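The values are calculated or read from the model by the stated rules, or taken from the named source; none is laboratory data. Everything numeric here is computed off the predicted structure, so don't read it as measured data. So basically every Cβ, Gly included, is an ideal-geometry build from the backbone, and we count neighbours across all protein chains shown. The accessibility values were calculated without ligands, DNA or RNA, using every heavy atom of the protein model including side chains. Shrake-Rupley method; radii C 1.70, N 1.55, O 1.52, S 1.80 Å.
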Amino acid sequence: MTDDLPIRLSPCLSSYCCKGGQEVTHKPPSPVISYSDDPDATWVKKGKKPYYGYKAHIAVDTGNGFILGGHVTPAHVADTTEFDRLLTEANLSPDAPVLADKGYSSMKNRTTLKERSYIDGIMHKAARGKPLTFVQRLMNRLISSVRYRVEQGIGTLKRGYGFSRMRYTGLTKGNMEFILTAITFNLKKAALMVRT
């Protein structure tokens, strides 16, 4: 049965914020005061908008859009620190290209890819006073043209499965909810592929 499904394992990594189970209307003035029953949820500012809750880190297959791995962390956790864990969860073969957005751009992550024999597809990030070269901008454009699979998956998780807001409080239950949602997403996608 699996011979009929063309599955190419070259993941693309991304993350997005989702609200915690408890509604909070304003940002607390200090981290000591708690305005929620959820002790694991934290604040993060994305652009100019503050979010309270969690962040989902996801690895998606660029060929068919299957979720290969992922997990949920408090919203303040940086993408760069979760890169190694995402690679482990995706369980990729050596020499697989790994595409990721600018949030995962760091020398440590690029070294990790080299050590594990993966092809580096992390988008380049300009530093202050050091703009990207023409080749780096071209690479970013090429990576962006493939990353839409991840964004489609995230959009489906948010709209179709209601995963823009956590149903449960706590990190353990949030991770369980993500895993069950990802399994449902993959099974539904596989059923549609078999049907066509």
Query raised in the report: Any idea of residue 37's accessible area? Nearest 10 Å², probe 1.4 Å.
Result: 120 Å²
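Could you compute the FRET efficiency for residue 196 and residue 115, with r as their C-beta to C-beta distance and R0 at 35 Å, rounded to 0.05? Display every interim value, and only then the final one.
On the way: r = 40 Å, r/R0 = 1.13.
Step by step, r from the Cβ atoms, then E = 0.35.
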Report summary line: Counting only DSSP loop positions in region 36-87, the trypsin sites (Lys or Arg not before Pro) whose Cβ has at most 15 other Cβ atoms within 10 Å are 48
Requested in this report: Classify region 113-195 as rounded, prolate or oblate, taking a ≥ b ≥ c as the square roots of the eigenvalues of its Cα gyration tensor: rounded when a/c is under 1.5, otherwise prolate if a/b is larger than b/c and oblate if not.
Outcome: prolate
Query raised in the report: Cβ under 14 Å from residue 115's Cβ, residue 115 left aside: what net charge do those residues give with Lys, Arg +1 and Asp, Glu -1?
Result: +1
Requested in this report: Would you please give the FRET efficiency between residue 137 and residue 107, computed as 1/(1 + (r/R0)^6) with r the Cβ-Cβ distance and R0 = 22 Å, to the nearest 0.05?
Outcome: 0.70
Query - Rounded to whole Hz, the Karplus (6.51, -1.76, 1.60) HN-Hα couplings of region 183-196, x for glycine and proline - result: 4, 4, 4, 5, 5, 5, 5, 5, 4, 5, 5, 5, 5, 8
Requested in this report: Give me the number: length gained by fully extending residue 84 to residue 164, i.e. 0.36 nm times residue separation minus the C-alpha to C-alpha distance, one decimal in nm.
Outcome: 26.4 nm
Requested in this report: Read phi for every residue in region 151-157 and hand back ³J(HN,Hα) as whole Hz from Karplus 6.51 cos²θ - 1.76 cosθ + 1.60, θ = phi - 60°, with x for Gly and Pro.
Outcome: 5, 4, x, 5, x, 5, 4
Query raised in the report: Within the accessible area of region 115-196, what % is carbon and sulfur when the probe is 1.4 Å and the other protein chains stay in place?
Result: 60 percent
Requested in this report: Could you let me know the centre-to-centre spacing of region 43-58 and region 124-196, using Cα atoms, in angstrom?
Outcome: 15 Å
Requested in this report: Mind checking the full-extension length gain between residue 176 and residue 91? Use 0.36 nm per residue of separation minus the Cα-Cα distance, one decimal, nm.
Outcome: 28.7 nm
